[in-house]
Amino acid sequence: MSYWSRIANVFRGDRLVNEIDEEIESHIAEAIEHGRDPAEARRAFGSPLKVREQSQEVRLAMGLDSLCADIIFGYRQLRKSKVTSAAAILSLALAMGACLSVFRLLDAMVLRPLPVVNPSRLYVLTFPYMDAKGDIQTTQAFDYPQFQQLRAVMKPGGGELLAISAPLLADLTFGSNEQSEHMRLQFVSGSMFNSFGLNPALGRLLLPSDDVSPGNSPVAVLSWDAWNRRFGRDPHVVGRKFSFGNDSYEIVGVSAKGFTGTDPGLITDLFVPTMMTKLVSQPGIAWVRIWAHLAHGSSPEIVRQKLMAVERAERVERAKSRHGDSAARLQQYLASELFLEPAGSGFSEVQHLYRRPLTILALVVFLVLLIACVNVANLMVGRAQARSREMALRVSIGAGRLRLIQLVLIESALISLLACIFGSLFAAWAAPFIVNQISSASTPIAISLSYDWRVSAFSAALVFLATLSFGGIPALRLRLIDPAAALRGATEPVRHRSMNFLAGVQVAFCVLVVFVTALFAASFHRLASQPLGFDPDHLINLDVTTRQELALSQWEHVRDELRNVTGVTSAAISTWPLFNGAWWSEQILFNGKPSLNQEAYFLAISPNWLETMRIPLVSGRELQEGDPYPGSVLVNQEFVRQYLNGQDALGRSFQTAIAGKTITCNVIGITGDARYVDVREPMHATVYLPFTSPQPIMNGSATFVVRSADGNIASLASTLRQRITRAEPAFRVTEIRTQNELVEQNTIRERLLAIMSLFFAGVALALSIIGLYGVLSYSVLQRQREIGIRIAIGAPARRVAWSVVSGVVAMLVPGAIVGIGLGLLCRQYFGTILFSIESINLQLVGFTLAITAGVMFTAAFPAVRRALRIEPSRILKTE
């Protein structure tokens with residue numbers, strides 16, 4: 001009989017048994033037909049049961065048959081204790097679901113390779129630079145002339161350099177002007193699709209010929225995701241046109257399904273040639289990333305050395321025109337090296353920002369999973385103790401110990417498998433929920449959370465590890481079974497050491513989770529409590545753009561129109577809103593020489609901006625209509641401290657370079673300090689220029705800042721948008737954001753860690769209380785006679801209570817100490833994303849220990865109460 005037939009027979013059940021019985025009866029009937037006595041024929045044939053078993057061994061895959069039998073038995077065991085089994089499965093499902101949800105995010109943003117040819121050969125060029133504060137940071141932004149020079153170094157057959165911008169949330173128009181919408185657009189080299197080995201789903205992709213000369217190829221490729229979401233897979237989308245800026249583009253094709261761009265966390269909707277932006281001809285403006293797609297056999301180090309030689313030669317030439325830089329800044333610029341960062345899984349700011357937080361969340365949820373596993377392990381140990389006589393009898397009648405171990409592990413595997421199924425349903429909701437938490441209206445994050453083989457493999461690994469973690473101890477206890485004792489009716493002495501040890505381990509994990517949660521909550525609280533220097537309430541920012549350069553009077557006319565809107569108390573104009581992620585910094589020179597390595601922030605503002613933002617004017621006067629540029633500027637108090645050592649700054653002059661020209665600035669007023677880019681950084685020196693400066697007008701975009709009289713911002717925003725368009729049709733509102741939204745967006749990462757860790761800490765505490773209560777209740781149940789005797793002979797209640805909890809407390813204290821120690825180690829690892837918590841270690845330790853004591857009391861109180869209610873007369877009479 002073939003092996004596949006034997007496997008099939010396993011699932012035939014009673015039909016196979018009936019066939020064997022019929023065959024046995026046919027043999028006996030045949031003997032009777034030949035004249036033999038029926039009784040003699042049956043006696044000669046032997047035991048039908050033995051024959052049936054021998055026949056089954058021939059016809060069945062016995063290993064699979066025993067496995068199926070154990071699965072059925074395990075399922076019946078779970079149904080016996082429905083409440084206990086349901087509690088174990090649901091607690092484990094919650095922990096597994098949390099693990100799966102975080103892993104899905106890590107897979108989508110960090111682990112999953114791009115769907116391109118040879119993703120392991122993809123690299124992104126990076127280099128260190130000195131930021132405005134004088135700190136060394138790493139960036140991947142180059143200007144386009146740099147890319148052109150580096151691309152010329154690559155030899156044919158050795159690989160290719162590609163220019164790919166970060167995805168831009170662009171304001172596009174399909175059809176009439178009323179159909180404006182936001183879509184993510186990415187400028188890419190014309191050879192990108194060919195280098196990545198991608199094929200079109202419809203039409204054609206970008207070609208190298210589309211990326212030759214500036215402005216000559218207004219074509220675009222639509223991503224498959226945008227084609228499906230926005231156009232419903234319309235086959236006639238090829239040939240449709242849309243407007244972006246001053247250009248009209250034609251959609252020439254749809255990219256392959258699965259390719260959503262090179263930035264994990266962001267889904268690109270449209271790809272256009274790099275030559276379609278004016279930035280390609282502007283040296284010094286860093287906006288493009290340089291990707292290297294190396295051929296097999298090309299050494300990344302050799303390529304890096306060649307590119308670095310060209311880059312350093314170019315920097316020597318550019319350094320000759322950097323007259324405003326300090327010696328240290330210039331030295332760092334000339335000495336910085338190029339690096340090739342592996343980018344097989346993509347490269348994005350979202351990925352960089354959330355890689356470590358997601359890793360930390362993965363650690364937290366893994367600890368919660370361990371706590372849940374310890375709970376189930378205690379349950380399984382208790383079940384094994386209750387079934388010790390059953391297992392001993394099985395051994396005494398010939399059952400192999402390996403078969404019993406298989407029986408216990410299969411029961412554990414059933415719990416893990418059911419928990420994983422329910423956990424997957426929880427993860428299907430939790431992962432998108434986390435994405436919504438880190439996304440915002442101004443910076444929407446879109447992640448492809450598909451189930452792939454990595455998620456399936458991780459789920460299988462969770463089931464396997466969970467099964468071993470809580471099924472291993474009961475399985476190993478089977479080695480200690482004494483069949484002779486079971487036959488004499490003796491019972492195995494109760495051992496609580498393993499359960500108490502597991503309770504201690506559980507507390508250690510719980511303390512660690514609570515301590516880490518307290519770290520994140522304290523960090524977020526301190527970050528959110530930082531003074532901003534302005535009042536963000538009731539502030540509305542309206543980002544506008546124009547298709548051509550407009551006169552200053554037109555901007556001022558729109559601002560005056562907004563002031564007249566009912567519900568508006570003040571309005572002003574600035575280059576961009578504070579906290580929107582953009583900044584403009586320049587070197588400050590006194591007497592023609594830089595005084596510090598740091599640069600100062602710059603912002604062009606209109607009169608009344610300080611009043612609108614509610615930034616105090618400390619001394620001097622505000623900017624007024626008609627203030628010349630270059631000439632009058634405002635500086636903040638931090639500028640005075642950094643550059644003038646706190647001396648009187650009114651009337652002082654300094655120089656800086658703007659748009660390639662050195663200008664002289666005269667300080668006419670000093671403002672209070674206000675944070676510009678990030679709530680994490682200290683107050684930074686800031687210079688406020690008149691809005692007549694060329695920076696905002698040259699770019700054709702700026703922000704109207706409006707303060708409303710009340711909190712009804714939603715209705716007011718629509719009115720403001722309409723008033724801008726009616727006042728100046730050339731203006732287009734691209735985005736409306738409240739200042740509170742921008743501030744909250746700045747703390748999304750810390751808020752995510754605080755909220756999610758608080759949730760999982762609550763789960764960990766609940767699981768720990770349940771686990772400790774289970775251990776103590778089981779101890780009271782097993783020691784009823786002993787406790788009854790203690791009460792009968794007059795033992796005080798406190799001694800009875802201590803006898804109940806002493807064994808667990810002996811494990812809880814070292815568990816708490818270990819948990820605190822691990823938490824302090826984690827604090828060192830998490831230091832880069834924690835904000836100003838150096839002085840609160842003792843408070844965190846005290847808080848964690850208080851929570852641990854509360855958990856112990858909550859779990860112990862009902863168990864102790866149950867022990868004190870034991871009636872000695874009833875217990876002794878029963879015995």
**Request:** Could you order peptides 276-283, 633-640 by the average number of other Cβ atoms within 10 Å of their residues, highest first?
**Result:** 633-640, 276-283
**Asked** Picking from LEU634, THR612, THR719, whose Cα lies most toward the positive end of the charge dipole for the range 548-729 (charges on Cβ: Lys, Arg +1; Asp, Glu -1)?
**Response** THR719
**Message:** Give me the extension gain from SER26 to ARG43: residue separation times 0.36 nm, minus the current Cα-Cα distance, reported in nm with one decimal.
**Reply:** 4.6 nm
**Request:** Give, rounded to the nearest 20 debye, the magnitude of the charge dipole that the range 119-344 has about its Cα centre when Lys and Arg contribute +1 at Cβ and Asp and Glu contribute -1 at Cβ.
**Result:** 340
**Complete:** Farthest towards the positive end of the dipole of the chain, among LEU294, SER806, SER553 and with Cβ unit charges of +1 on Lys and Arg and -1 on Asp and Glu, lies the Cα of SER806
**Message:** I'd like the Karplus ³J(HN,Hα) series for the range 184-189: coefficients 6.51, -1.76, 1.60, θ = phi - 60°, whole numbers in Hz, and an x wherever there's a Gly or Pro.
**Reply:** 7, 10, 10, 7, 9, 5
**Request:** Determine, for each peptide in 150-160, 34-44, the mean count of other beta carbons within 10 angstrom over its residues, then list the peptides with the highest first.
**Result:** 150-160, 34-44
**Item:** Long-range HN-HN contacts of ASN746 with modeled amide H, under 5 Å
**Value:** none
**Asked** For the charge dipole of the chain, defined by +1 on Lys and Arg C-beta atoms and -1 on Asp and Glu C-beta atoms about the Cα centroid, which residue among TYR333, ILE20, LEU198 has the Cα displaced farthest towards the positive pole?
**Response** ILE20
**Prompt:** What are the lysines whose alpha-carbon lies under 22 Å from the alpha-carbon of LYS306, with same-chain residues fewer than 8 places away excluded?
**Reply:** LYS155
**Message:** Under the rule of at least 5 residues apart or a separate chain, name every residue whose amide H is placed under 5 Å from the amide H of SER585.
**Reply:** PHE602
**Message:** Can you compute the charge dipole magnitude of the chain about its Cα centre, using +1 on each Lys and Arg Cβ and -1 on each Asp and Glu Cβ, nothing else charged? Give it in debye, rounded to the nearest 20.
**Reply:** 3200
**Request:** With only Lys, Arg, Asp and Glu charged, each at its Cβ (+1 for the first two, -1 for the last two), find how big the charge dipole of the range 270-335 is about the Cα centre; round to the nearest 20 debye.
**Result:** 140
**Fill in**
Once amide hydrogens are built 1.01 Å from N within the peptide plane, the residues lying 5 or more places from SER570 or on another chain with amide H under 5 Å from its amide H are ARG707
**Request:** Would you please classify the overall shape of the range 539-582 from the alpha carbon gyration tensor, given that a ≥ b ≥ c denote the square roots of the eigenvalues, rounded means a/c under 1.5, and beyond that prolate means a/b larger than b/c while oblate covers the rest?
**Result:** oblate
**Item:** Cβ-defined net charge surrounding VAL272, 15 Å radius [Lys, Arg +1; Asp, Glu -1]
**Value:** -1
**Request:** Compare the peptides 503-516, 326-339 by average per-residue count of other Cβ atoms within 10 angstrom and give them in order, highest first.
**Result:** 503-516, 326-339
**Request:** Run through the DSSP bridge list for the chain and note the antiparallel percent, rounded to the nearest 5.
**Result:** 80
**For GLU341, net neighbour charge (Lys/Arg +1, Asp/Glu -1) across residues whose Cβ lies under 11 Å away** = +2
**Item:** Computed E for ARG798/ARG865 - FRET, C-beta separation, R0 22 angstrom, nearest 0.05
**Value:** 0.95
**Item:** Helix-only mean residue ellipticity at 222 nm for the chain, each DSSP H run of n ≥ 4 adding -39500 (n - 2.57), per residue, nearest 500
**Value:** -17000 deg cm²/dmol
**Message:** What translational diffusion coefficient, to the nearest whole µm²/s, does the chain have by Stokes-Einstein, given a Kirkwood radius computed over alpha-carbon pairs, a temperature of 10 °C and 1.306 mPa s viscosity?
**Reply:** 48
**Item:** Integer Hz, Karplus 6.51/-1.76/1.60 couplings in order for the range 362-371, x for Gly and Pro
**Value:** 4, 5, 5, 5, 5, 5, 4, 4, 4, 4
**Request:** Report the accessible area of THR566, computed with a 1.4 Å probe over the heavy atoms of all protein chains in place, in Å² rounded to the nearest 10.
**Result:** 130
**Asked** Can you give the three extents of the C-alpha atoms in the range 605-654 along their principal axes, from longest to shortest, in whole Å?
**Response** 30, 25, 14
**Asked** Between ILE285 and ASN194, what is the label-to-label distance in nm when each label sits 7 Å out along the Cα-to-Cβ direction?
**Response** 2.8
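The values are calculated or read from the model by the stated rules, or taken from the named source; none is laboratory data. On a predicted model such as this, the values are computed, not experimentally measured, just so you know. Virtual Cβ from ideal backbone geometry, glycine too; neighbours counted across all protein chains shown. With ligands, DNA and RNA removed, areas are computed over all heavy atoms of the protein, side chains included. Shrake-Rupley method; radii C 1.70, N 1.55, O 1.52, S 1.80 Å.
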